[in-house]
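The values are calculated or read from the model by the stated rules, or taken from the named source; none is laboratory data. The model shown is predicted, which means the values in this text are computed figures rather than measured ones. Positions of Cβ are backbone-derived with ideal geometry, glycine not excepted, and every protein chain shown enters the neighbour counts.
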Amino acid sequence: MGHSMGGRAVMSVALMQPSVVDKLFVLDVSPLSISKDISTLPRFLEIMQRIEVPMHLTMQEARKYTDEILRPAVPDPSIRQFLLTNLNNTEEGYKWRLNIEAIANNFNPFISTFPILDEYERYEGETAFIGGELSDYLRREDEEAIQELFPHSSFHYIERAGHWVHADKPNEFLKLFFSLLD
């Protein structure tokens with residue numbers, strides 16, 4: 001199972017090493033199209049790289065401080081809250097758990113698009129794509145083309161959920177996930 005960038009990672013594994021994947025769950029991402037929202041990610045990363053949180057702040061204060069800096073570039077509070085879960089207090093001061101420099105350096109073209117490689121075959125295993133109804137990361141119009149790579153795929157959309165489908169509607173997501181897992 002993988003969400004967003006993690007979804008692209010698990011799709012790549014399934015296509016390159018199908019013997020290690022029994023069942024595939026891809027959360028709110030497509031191997032074909034990209035969301036218009038993804039174009040904002042390099043700006044988020046640039047700001048995150050520049051943030052220097054004073055060491056004397058408590059974690060709660062550090063998150064509030066960082067939230068205020070992120071707010072102009074990241075207006076959605078749920079995205080900011082997700083980003084703030086990756087702020088870590090270390091002996092050297094506050095750091096991001098994510099390797100922001102690596103993500104920023106590899107965003108285009110490696111992360112922003114899914115590489116349809118010549119060596120990919122089709123993944124013949126059971127695959128469930130689960131998207132948020134309000135998200136444009138997984139589009140209904142792509143389903144037929146996705147089935148060329150994942151012929152045994154099913155598509156499910158959770159009502160009133162956005163890109164963070166598992167966080168927006170956790171009960172609905174878990175109910176669907178466990179029904180598909182059986």
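A few notes on this one:
- If the condition is being among the β-branched types (Val, Ile, Thr), farther than 13 Å from Phe129 by Cβ and within 13 Å of the chain's Cα centre (by Cα), then the stretch 1-42 contributes Ile34, Ile38.
- For the stretch 138-159, the tally of residues that are in a loop (DSSP other than H, G, I, E, B) and within 13 Å of Met11 (Cβ to Cβ) stands at 2.
- When the stretch 1-44 is filtered for residues that are at positive phi and either crowded, with 21+ Cβ neighbours inside 10 Å or in contact with a Ser or Thr (Cβ under 7 Å, 6 or more places away or on another chain) (or both), only Asp28 remains.
- Counting only helices (runs of 4 or more DSSP H) that sit wholly inside the stretch 1-103, those with at least 3 residues that are modelled with pLDDT under 90 and out of contact with any strand residue (DSSP E or B) (no Cβ under 8 Å at 6 or more places or on another chain) are 41-50, 77-84.
- In the stretch 1-22, the residues that are in contact (Cβ under 8 Å) with a residue 40 or more places away in the chain form Cβ pairs under 6 Å with partners that are buried (at least 18 other Cβ atoms within 10 Å of the Cβ) and assigned to a helix (DSSP H, G or I), at six or more places apart or across chains, as follows: Val21/Ala14.
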